[in-house]
1. Between D67 and F16, what FRET efficiency comes out of the Förster formula 1/(1 + (r/R0)^6) with R0 = 35 Å and r the beta carbon distance, rounded to 0.05?
2. Compute the signed sum of charges (Lys and Arg +1, Asp and Glu -1) over the other residues within less than 10 Å, Cβ to Cβ, of I63.
3. At a Förster radius of 22 Å, what calculated FRET efficiency corresponds to the Cβ-Cβ distance of Y58 and I9, to the nearest 0.05?
4. Order these by the 10 Å Cβ neighbour count, fewest first: W28, W37, W48.
5. Can you bin the stretch 3-75 into rounded, prolate or oblate? Criterion: square roots of the alpha carbon gyration tensor eigenvalues sorted a ≥ b ≥ c, rounded for a/c under 1.5, prolate for a/b above b/c, oblate for the rest.
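Just so you know, all these numbers are worked out from the coordinates, no wet-lab data involved. On a predicted model such as this, the values are computed, not experimentally measured, just so you know. Glycine also receives a Cβ, built like all others from the backbone with ideal geometry; neighbour counts cover every protein chain displayed.
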Amino acid sequence: MNEESSGFIPAVVTFFIIIGLIALFLFWNHEHDANLWNDGRCSCGGYWQYDQAVGHKYSTSYIFRCDKCGSLIEIDYIPESTNTMEVEENG
Ligand SMILES: [Zn+2]
């Protein structure tokens, strides 16, 4: 058996397994954020208000504070339905 070909296949398989795990992690992370965001509502019934952006080494996340109980959540994206970012088009 030729050593080069026997080493190549496992390397490719490992590569795809790693890519798959990264994709799974990103998907899970997004689902996790969506659960935290909960359509803009805290579990107490208050609304998330944008607080600040936090820069990490490879990404930026956003801190939102509940306007009722003061809970904080940190998510990786600004949801589309952010009520603190109302666009006033009629003016
Ligand atoms: Zn709350």
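1. 0.20
2. Values: positive: R65; negative: D51, E74.
Taking every Cβ under 10 Å from that of I63, the sum is -1.
3. Once rounded, the FRET efficiency stands at 0.10.
4. On the way: W28 10, W37 19, W48 27.
In order of increasing Cβ crowding within 10 Å: W28, W37, W48.
5. On the way: a/c = 7.10, a/b = 3.12, b/c = 2.28.
Prolate, since a/c reaches 1.5 and a/b exceeds b/c.
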